[in-house]
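Read the structure below first, then the notes.
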Amino acid sequence: MEHLEFEFKGSGNRQVDRQATLVGVVSSGNLEVMLENVDLHGLCRINVSTSAQGFTEIWQAVLNDFAARYDLADLQISINDGGATPAVVCLRLDQAMEEYLEALT
Amino acid sequence: MSDLSGLRRGQSYYEATARSRISGLLDSNSFQELLGPADRLTSPHLEPLGQPCSFNDGIIIGSGKLHGLSVLIASQEGGFMGGAVGEVHGAKLTGLLERAVNEKPAAVLLLLESGGVRLHEANAGLIAISEVIRALLSTRAAGIPVVGLIGGANGCFGGMGIVARCCDTLIINEEGRLGLSGPDVIETTMGVEEFDSNDRALVWRTVGGKHRYLLGEVQHLVEDDIEAFRATAINIIDEVQSPCLEPLERSSELQKLTLESLQQEHLDLSRRLENYGHCQDGTEIWSEMCIDDPEKLPLMDIPRFFKAVENNI
């Protein structure tokens with residue numbers, strides 16, 4: 001198992017007091033993504049637990065893209081990963097954001 | 001061009017995730033999760049083995065409304081380790097059943113999809129199963145019906161197969177499978193001559209929903225549609241709740257939990273072994289049941305199946 005932590009500075013809206021959003025299922029080649037509003041002084045923090053070791057740079061690249069797309073602040077993103085490919089990770093993150101933003105409206 | 005419009009109206013139970021089964025079964029937006037993902041109640045055993053854990057440990061529990069009545073509900077996620085029961089997973093299920101004794105909901109719904117004990121957790125998983133069974137029987141003894149629903153890709157096997165058969169009543173779809181040792185386990189321990197687990201048709205003829213229904217192990221066979229599971233669960237609870245029946249009589253839908261009923265069950269099982277013990281395949285048993293053209297049963301849709309077997313059950 002490898003545990004990775006990434007932080008991004010963002011300016012997205014702060015939304016506290018709402019339930020966590022969870023999408024996906026941990027299985028081979030798949031992952032679950034949980035979004036929670038936490039006061040992180042404007043940061044978006046992403047914690048990854050993955051069964052595939054040695055892919056830190058690829059995670060960094062995928063999450064850089066994600067952070068640039070959404071510009072998020074005060075959001076804790078927690079990922080349990082069963083060795084998903086970058087494309088699957090991107091889709092799950094987008095799915096999580098879609099559910100998260102839907103619940104805000 | 002073929003017309004596919006009439007093929008499926010609702011949402012497939014077989015293909016749905018544990019969470020979408022809950023939202024499809026219960027009244028909309030009524031589900032309140034207990035120990036949700038944000039509580040991070042994860043397995044302590046998986047990390048040391050290099051296995052990723054899940055925030056739900058493969059089971060979602062909570063309360064909600066079914067047709068306006070309060071129910072407690074648990075749903076196993078087959079996608080995570082085949083729905084296998086570990087220490088935390090089992091404790092969540094046990095806790096839900098114990099909560100039922102205190103809260104007295106109209107029913108407890110167990111959406112079962114599991115290969116059994118999570119071997120990574122060994123004894124902790126085995127103990128968890130026995131605790132679930134004890135809690136389930138306590139819930140039933142308190143007069144609260146426990147309804148099991150089976151119909152996911154992983155079937156319901158091992159310890160959870162036992163748990164399923166401890167429920168008051170079971171609902172299954174044709175795709176659902178129920179058993180103790182699963183086909184792969186039988187093939188591994190007894191050899192491919194005994195059971196070929198790659199023969200999918202054979203698997204469904206021996207552990208599939210239709211066969212379990214014909215044997216009387218499952219009381220309700222439905223289409224693979226979450227709405228059909230919901231409608232059947234509502235009917236069961238309505239019947240149990242019926243005010244015109246005395247409390248002791250209202251269990252026509254439910255198996256009575258008494259010494260006599262257990263002895264009767266054992267008698268029925270030994271008769272079944274006498275009658276069908278020599279059979280090698282589901283079709284042979286159906287033939288012994290005097291069902292016409294038994295080899296045609298697997299290909300029938302649910303309405304035609306009921307018509308074909310209506311005089312034999």
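Nothing in this text is a laboratory measurement; each read-out follows from the coordinates by a stated rule. In this text the structure is predicted, and so the values were computed from the model without any measurement. Every residue, glycine among them, receives a Cβ derived from its backbone with ideal geometry; neighbour counts consider all protein chains shown.
Computed quantities for the displayed model
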item: Sequence-distant residues sharing a close amide H with residue B:14 (under 5 Å, placed H); result: none
item: Residues with amide H under 5 Å from that of residue B:224, placed H, sequence gap 5 or more; result: B:174
item: Surrounding net charge for residue B:45, when Lys and Arg each add one and Asp and Glu each subtract one, Cβ distance under 12 Å; result: -3
item: Approximate spin-label separation residue A:61-residue B:101, in nm, with each point projected 7 Å along Cα-to-Cβ; result: 5.6 nm
item: For chain B, size of Cβ-based charge dipole, Lys and Arg +1, Asp and Glu -1, in debye; result: 820 debye
item: B:221, B:259, B:126 arranged by Cβ crowding within 10 Å, fewest neighbours leading; result: B:259, B:126, B:221
item: Average projected area [Cα convex hull, the protein assembly as shown], square nanometres; result: 24.0 nm²
item: Relative contact order %, chain B, counting alpha carbon pairs below 8 Å whose residues are six or more apart; result: 14 percent
item: Listed residue (B:54, B:72, B:133) projecting farthest to the positive dipole end of the stretch B:45-155, Cβ model; result: B:72
item: Chain A, relative contact order [Cα under 8 Å, separation at least 6], %; result: 38 percent
item: Estimated dipole of the stretch B:1-132 in Debye, rounded to 20 [Cβ of Lys and Arg +1, of Asp and Glu -1, Cα centre]; result: 340 debye
item: Per-residue mean of C-beta atoms belonging to partner chains within 10 Å, peptide B:52-65; result: 3
item: HN-Hα J in Hz across the stretch B:126-140 - Karplus 6.51, -1.76, 1.60, θ = phi - 60°, x for Gly and Pro; result: 5, 5, 4, 4, 5, 5, 4, 4, 4, 5, 5, 5, 4, 4, 5
item: Mean-position separation - Cα centroids, the stretch B:47-73 and the stretch B:85-107, in angstrom; result: 10 Å
item: Computed label-point distance, nm, for sites residue B:296 and residue B:201 using a 7 Å Cα→Cβ extension; result: 1.6 nm
item: Radius of gyration and maximum dimension Dmax of the stretch A:2-104, Cα, Å; result: 12.6, 36
item: In degrees, nearest ten, helix A:86-104 long axis to first principal axis of chain A (Cα); result: 20 degrees
item: FRET efficiency estimate (nearest 0.05) - Cβ-Cβ, residue B:20 to residue B:312, R0 35 angstrom; result: 0.50
item: Inter-site label distance for residue A:102 and residue B:263 at 7 Å from Cα along Cβ, in nm; result: 5.6 nm
item: Within the protein assembly as shown: Cβ-based charge dipole about Cα centre, in debye rounded to nearest 20 (Lys, Arg +1; Asp, Glu -1); result: 700 debye
item: FRET efficiency for residue A:11 and residue B:51, using Cβ-Cβ distance with R0 set to 30 Å, rounded to 0.05; result: 0.20
item: Number of Lys pairs (Cα under 22 Å; 8 or more positions apart or on different chains) in chain B; result: 7
item: For the stretch B:141-200: relative contact order, % (alpha-carbon pairs under 8 angstrom, 6 or more apart); result: 33 percent
item: Lys/Arg +1, Asp/Glu -1 at C-beta; chain B dipole; positive extreme among B:206, B:189, B:32; result: B:32
item: Neighbour net charge for residue A:93 - beta-carbon separation under 12 angstrom, K R +1, D E -1; result: -4
item: Amide H contacts of residue B:85 (H built 1.01 Å from N, under 5 Å, at least 5 apart or other chain); result: B:116, B:117, B:118
item: Summed residue charge, Cβ within 15 Å of residue B:77's Cβ, Lys/Arg positive, Asp/Glu negative; result: -1
item: For chain B: rounded, prolate or oblate by the Cα gyration tensor [a/c cutoff 1.5]; result: rounded
item: Nearest-0.05 FRET efficiency for residue B:28 and residue A:71, computed from C-beta distance (R0 35 Å); result: 0.60
